[in-house]
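Scroll down for the structure; my scribbles are underneath it.
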Amino acid sequence: NSEKTINIQLKKDRNFATFGKVGGGAGIDGGADREGRYDGQANINRFRGDEQLSFLGMGNNTNRQGFTLMDVLNFTGELSRGMRNGGGGISIQTSNAGDNNGLPVTGLGQSQQGIAQTLAGGVNYNNTWNKGRTSLNTNYTASDIRLVTDRQSLIQNVGDSIYSTFDTTHNVTHITQQRVGMILDQTYDPSFSLRFTPTLTWQHTNKSQVEGYNSAIGDSVLNAGVNQTGSAPGALNLVTDLLLRKRLAKKGRTLSLDINVNYNHSTDQGSQLSDNTFSLINQQYSRDAVTRSAGGNLTYTEPLGSRSLVALSSFYNINTGSTDKSTTDFDAVSGKYDLPDSVLSNHFSSDYRYGGGGVSLRSNWRKMNLTAGATVQAATLNAMNLSGGYGVKQRTTDVLPNALLQYSFSQTKNLRLDYTTYTTQPSVVQLQPVPDLSNPLDISTGNPKLRRTYNQNLTVSYMAAQFAQRRHLLLMFSASDAAGAIVQSDSVTTFGTRTTMPVNTNGVGNLLGNINYGFPIRKWHGDLELEAPFVYSRNAGYINGARNNISSTSLRPAVSYTFNPNDKLDLELTAAVSLNSGRYSLEPDLNTNYVRQNYGINLTNYLPAGVSIHNEFNYIFNTGRPPGYNTSTPLWNLSAAKSLFKHDRGEIKISVMDVLDQNTGITRNLLQGSVQDERYNVLQRYFLLSFTYSLNKSGLKAKGGPQIRVRNIAQ
């Protein structure tokens, strides 16, 4: 699993301290409605040796949808553990919110379209006892996010001929979540330890959407209608993991057992009122689903000589689940929703089990590390639609090889080759042949004949750095292939309606590349960084039974220059050009080339008497899109701040966001059966007066926490 890693080294004189920031601000919009704006955040951390107590909170309606990465590192205790060890590594995985203790984090995942009102926070406690043999981390987090999104879409669809859909939606989503987690590490003696990690999460969502749409070929209208939906899904999720590790008498001989037990109970209630050219839908539904899983992984290592060992592993996992969905239509005679809809109602159960074993060889030399092995995995799926009386039975056996080679030319120069294979199973929803009518123009249904996908990935990366000279070179290339990939098969009618079903196919994969080079320009008192990421994606779909080969290419060269001639000026200049293309074999007229350019300047002036002025200006150009979506947007944020109190602990700031009142939301998506251009609402000009107080003696310039030195950042 890839993960972002920051290696840091902390000063040990920070283990007995209270540090953090408390701040808040209020203001108004620059528009005619003069709506009020507020933004507040608190980050308080108390260290007493190995004991840490942290509080993190935020509340705003300025569309700031997450905390900073450093806030979360402080809160979760990773910095605390670094202090105890005098240095070490911090790993933050970005695959889902649970990896960050359920907290929204800016920069780790894309912010949602629209304007959000966010309340989030939590408390965290860390401590160790028994001379470090017992370590406990407990935390509670909660969030409340209300998101309002207004979206206008132009969708160019692939059918027997290209037709366009114009869509306008108003969406209000309200999500609340609570999470309780714990990590207990216990070392009984130098050879035996355990780690126990339970996590319990509650989540509830209220979502309402009003949509108007029409589809046309030229001036000929194919369909039109309105669609109003509401839903209230909720879930309770329990994840537990127990890891036991035993070091045996012979050096390199170990035994470990990892046991996991998970439980999820989700519910949903909703309604739909849809009136269009060819149908009227007026119904309510309820859904109740439970999934359970339990499994274990046993690993034994045996040394082979002084530099190698062999690892033997075995595993087995059971996943069971059931889903009960009931749909009733509106009866005009009784005035109630009391007409059962058997097509949209079902009771589905599934039993998925997989097990197997593997062997791998690991060898460590002075400059090179090698790991190579393979796993044999056998899986069975038994699923039954109890309402329809049919079942799905599948058996698969796969060999999953893997290899990892790392060669270190020096401490700061290394080469890494990583080859992995894995399988992806279809979801229960993808297997159920039950139509989803929430979008009358785009109906989806499952496929009981769907099979698993076999994935292969090869990644080559090279890193060379000279930290003292502020010079680095990063190279990365990755290729992947998905055999039996799950893609969509569309059946498109002459009225512009589409029914989508997942199917398996080959010929799906992608190529990724990136080069990043940074070096100082001492004559100009600055640093220059060049980057050129590249993505080529190969996909496929089916339109009325015909295969549609799809490819997309993206190249994004970027350059940034930072200039710090003295302690009175910080300057950063940036430029990035994103070149994109999409190709559709069935409809070459839908092929597209479009460009996004972003040029920016970030300037801070430090004046006498603790005054600073900050300007951030970006100019964004969009070209190659349909009329109305080729925007040129100047974004200018301006603020002035004044330091207060001893050690500059206080700061008062006045900010004007989007000074020119020109902010717009534009995006383009290349999908399997369409090209979609969107405009969505964003927060435009507003004014904010804020005050921040820093609890540590080094004041606001310490950025709210212990001083750290970043040694390297790797992907």
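The values are calculated or read from the model by the stated rules, or taken from the named source; none is laboratory data. These numbers were taken from a predicted model, which means no experiment stands behind them. Using ideal geometry, Cβ is built from the backbone for each residue, glycine included, and neighbour counts are taken over all protein chains shown. Quick note on the areas: whole protein, heavy atoms, side chains included, nothing else; ligands and nucleic acids left out. Shrake-Rupley method; radii C 1.70, N 1.55, O 1.52, S 1.80 Å.
Structure summary
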| read-out | value |
| --- | --- |
| Region 570-611 - residue that is open to solvent by less than 30 Å² (accessible area, probe 1.4 Å) and of a type in the set (A, V, I, L, M, F, W, C) and, of those, farthest from GLU529 (Cα to Cα) | LEU590 |
| Residue among LYS523, LYS568 that is within 25 Å of LEU638 (Cβ to Cβ) and either of a type in the set (Lys, Arg) or touching a helix residue (DSSP H, G or I) at 6+ places or on another chain (Cβ under 6 Å) (or both) | LYS568 |
| Residue within region 210-225 that is farther than 30 Å from LEU243 by Cβ, in contact with a strand residue (DSSP E or B) (Cβ under 7 Å, 6 or more places away or on another chain) and part of a loop (DSSP other than H, G, I, E, B) present | no |
| Qualifying position, being surrounded by 17 or more Cβ atoms within 10 Å (Cβ to Cβ), over 27 Å from ASN282 (Cα atoms) and more than 30 Å from the chain's Cα centre (by Cα), among ARG416, ARG362, ARG366 | ARG362 |
| Residue count, region 403-434 (criterion: touching a Phe, Trp or Tyr at 6+ places or on another chain (Cβ under 6 Å) and modelled with pLDDT of 90 or more) | 3 |
| Residues located in region 628-652, provided they are open to solvent by less than 60 Å² (accessible area, probe 1.4 Å) and part of a loop (DSSP other than H, G, I, E, B) | GLY628, TYR629, THR631, ARG649 |
| All positions within region 461-498 that are under 26 Å from ASP398 (Cβ atoms), among the aliphatic types (A, V, I, L, M) and open to solvent by less than 20 Å² (accessible area, probe 1.4 Å) | ALA482, ALA485, VAL487 |
| Filter result (in contact with a Pro (Cβ under 7 Å, 6 or more places away or on another chain) and more than 30 Å from ASN457 (Cβ to Cβ)) within region 527-563 | ASP527 |
| Test: residue in region 548-569 that is over 30 Å from ARG522 (Cβ atoms) and surrounded by fewer than 15 Cβ atoms within 10 Å (Cβ to Cβ) | yes |
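Matching residues to (1) part of a strand (DSSP E or B); (2) at pLDDT 95 or above; (3) open to solvent by less than 30 Å² (accessible area, probe 1.4 Å):
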{"site": "SER322", "(1), (2), (3)": "yes, no, no"}
{"site": "ASP338", "(1), (2), (3)": "yes, no, no"}
{"site": "VAL343", "(1), (2), (3)": "no, no, no"}
{"site": "PHE348", "(1), (2), (3)": "yes, no, yes"}
{"site": "TYR352", "(1), (2), (3)": "yes, no, no"}
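Every residue, every condition in (1) in a strand (DSSP E or B); (2) of a type outside the set (D, E, K, R), yes or no:
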{"position": "ASN564", "(1), (2)": "yes, yes"}
{"position": "ASP570", "(1), (2)": "yes, no"}
{"position": "ASN580", "(1), (2)": "yes, yes"}
{"position": "TYR594", "(1), (2)": "yes, yes"}
{"position": "ASN598", "(1), (2)": "yes, yes"}
{"position": "THR604", "(1), (2)": "yes, yes"}
{"position": "PHE621", "(1), (2)": "yes, yes"}
{"position": "PRO626", "(1), (2)": "no, yes"}
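Residues are listed down the side, and each one gets a yes or a no for (1) surrounded by 15 or more Cβ atoms within 10 Å (Cβ to Cβ); (2) hydroxyl-bearing (Ser, Thr, Tyr); (3) in a strand (DSSP E or B); (4) more than 26 Å from the chain's Cα centre (by Cα):
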| position | (1), (2), (3), (4) |
| --- | --- |
| VAL239 | yes, no, yes, no |
| LEU244 | yes, no, yes, yes |
| LYS250 | no, no, no, yes |
| LEU255 | no, no, yes, yes |
| TYR285 | yes, yes, yes, yes |
